[in-house]
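The structure under discussion appears below in the form of structure tokens.
The values are calculated or read from the model by the stated rules, or taken from the named source; none is laboratory data. Source: prediction; values computed, not measured. All Cβ positions, even for glycine, are placed from backbone atoms using ideal geometry, and neighbour counts span all protein chains on display. These accessible areas exclude ligands, DNA and RNA; they are computed on the full protein's heavy atoms, side chains included. Shrake-Rupley method; radii C 1.70, N 1.55, O 1.52, S 1.80 Å.
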Amino acid sequence: MGNCEAFQELYVKYRRRLDYFIARMNRCHEDAEEIINDTFMTVWQSAGEFRHASRVSTWIFGIAYRKALRSFRRQRRQTSNVPLEDAPEQSTDPMQEMEMHDWLTRGLRQLPLDQRLTMQLSYKWGLCLEEIAAITEVPIGTTKARQFHARSKLRRCLPALGGGPRFS
């Protein structure tokens with residue numbers, strides 16, 4: 001077990017970021033709360049096992065990623081008829097920036113979960129391939145492949161989502 005003050009500092013520093021991270025994976029607020037609570041419980045229980053092989057943020061986000069995947073697998077088994085990718089369509093704001101955000105969000109929803117998260121960890125969070133590989137617990141080559149395939153799919157689907165022609 002660890003130091004309460006240090007844990008509180010980690011909680012304050014990472015709570016909001018984890019909420020945002022998990023919300024990008026799953027829109028259900030109750031599930032996100034449970035995943036975040038499970039993540040911090042694991043951080044608390046495993047703090048003495050942290051070996052400084054990566055940054056603390058990479059370690060914490062890796063725990064959250066694995067907790068979220070387990071939660072999604074459980075949900076999928078319970079509701080096998082409902083795909084994970086189902087999410088309500090976002091309404092478009094007349095402002096160009098909001099339209100761009102919506103367009104990219106819809107494009108990312110077209111990707112499988114592992115590719116979408118790789119792109120978000122890279123471009124939204126600014127993590128390097130090594131950190132993404134550590135969080136997702138896959139080799140760097142797999143991370144690179146996921147990013148390559150995600151970019152290819154986005155190149156094909158984004159024009160169609162924007163009203164342009166779709167490329168095969």
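Things worth noting here:
- Taking 0.36 nm per residue of separation and subtracting the current Cα-Cα distance, fully stretching the chain between Val138 and Glu5 would add 44.6 nm.
- Where labels lie 7 Å past Cα in the beta-carbon direction, separation of Met41 and Tyr20 in nm: 2.7
- Residues Arg70 and Glu99, FRET efficiency given R0 of 35 Å [Cβ-Cβ distance, rounded to 0.05]: 0.50
- In this structure Leu104 has an accessible area near 80 Å², from a 1.4 Å probe over the protein heavy atoms.
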